[in-house]
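Here's the structure we're looking at; comments come further down.
The values are calculated or read from the model by the stated rules, or taken from the named source; none is laboratory data. These numbers come from a predicted model, not from an experiment. Here Cβ is always computed from backbone atoms with ideal geometry, including for glycine, and neighbour counts include all displayed protein chains.
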Amino acid sequence: MIRGKAYIMFAIMVIMIFAILTSSGQAQMGKFGYVDSDRVFAEYKDWTKAQEEFNTQYKAWDDEAKEMQIELEEMIGEFETQKLILSAEKKKEREAAIEAKRQSLDAFTREIFGPGGTAERKNNNLVKPLLDKINAAIEQVATEGNYDFIYTSSALAYAKKDYDITDKIIELLSEE
């Protein structure tokens, strides 16, 4: 999940660069560089820690939802085996309890996993500051190295290794 949002962010940056290039057709070609975003994500310790933290929390939420689902299924199974011997009043009570459990499960899954839910907010809270740091590191390396444009390797069909500034980005991020 984290990785997908980062790719979107980098893709937006690339689109903006191409828009600048096409709108200023008379501009001279400048110095280019690229960043291997997969390596940055793999080697940036804060990124991997954030991903581990999110995955741990996500698993806990998922386990809780599965436990609620099992409880619901057990309630339904117990009701099905006993409904012939239950009074009409007891049937209604059990059906109401089953429906309440179902609604509780639905509310939990919407709250945690739905759009704008707790999982999405947690992911955004973990990712945004790291993406800001990565973008700041890219901008710093670009400024210090006098680069005009920097691409991510995921949005580039070919790149000469001489232009790979990934090591500089990782080094800068590791210094923090």
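For ILE17, state whether it is over 22 Å from ALA119 (Cβ atoms), surrounded by 11 or more Cβ atoms within 10 Å (Cβ to Cβ), modelled with pLDDT under 60 and under 25 Å from the mean Cα position of the chain (by Cα). Working first, answer last.
Working: over 22 Å from ALA119 (Cβ atoms): yes; surrounded by 11 or more Cβ atoms within 10 Å (Cβ to Cβ): yes; modelled with pLDDT under 60: yes; under 25 Å from the mean Cα position of the chain (by Cα): yes.
In short, yes.
Filter segment 24-38 for residues that are assigned to a loop (DSSP other than H, G, I, E, B) and either under 27 Å from LEU126 (Cβ atoms) or at pLDDT 90 or above (or both) and give the result.
ASP36
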Revision key, fill the gap. Screening THR118, THR152, THR81 for residues that are out of contact with any Cys (no Cβ under 6 Å at 6 or more places or on another chain), among the polar types (S, T, N, Q) and closer than 16 Å to PHE32 by Cβ leaves only THR152
Exercise for review: Report, by residue number, each residue of segment 77-125 that is surrounded by 15 or more Cβ atoms within 10 Å (Cβ to Cβ), more than 27 Å from GLN51 (Cβ to Cβ) and under 38 Å from the mean Cα position of the chain (by Cα).
Suggested key: ILE98, LYS101, ARG102, LEU105
Exercise for review: Keeping to segment 134-152, report how many residues are buried (at least 17 other Cβ atoms within 10 Å of the Cβ) and in a helix (DSSP H, G or I).
Suggested key: 5
Check your understanding: What do you reckon, is LEU86 touching a residue at least 12 places away in the same chain (Cβ under 8 Å) and not polar (S, T, N, Q)?
Key -> no
Exercise for review: Report whether or not MET68 is surrounded by 11 or more Cβ atoms within 10 Å (Cβ to Cβ), touching a helix residue (DSSP H, G or I) at 6+ places or on another chain (Cβ under 7 Å), in contact (Cβ under 8 Å) with a residue 12 or more places away in the chain and closer than 30 Å to LYS122 by Cα.
Suggested key: yes
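Could you list, in sequence order, the residues of segment 39-61 that are part of a helix (DSSP H, G or I) and surrounded by 15 or more Cβ atoms within 10 Å (Cβ to Cβ)?
Scanning segment 39-61 gives ARG39, VAL40, PHE41, GLU43, ASP46, TRP47, ALA50, GLN51, PHE54, GLN57, TYR58, TRP61.
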Practice item. Determine the pairs where a residue that is without any contact (Cβ under 8 Å) to a residue 24 or more places away in the chain, located within segment 110-124, has a partner that is assigned to a helix (DSSP H, G or I) and of a type outside the set (D, E, K, R) with Cβ atoms under 7 Å apart, the partner being 6 or more residues away or on another chain. Key: GLU111/THR118
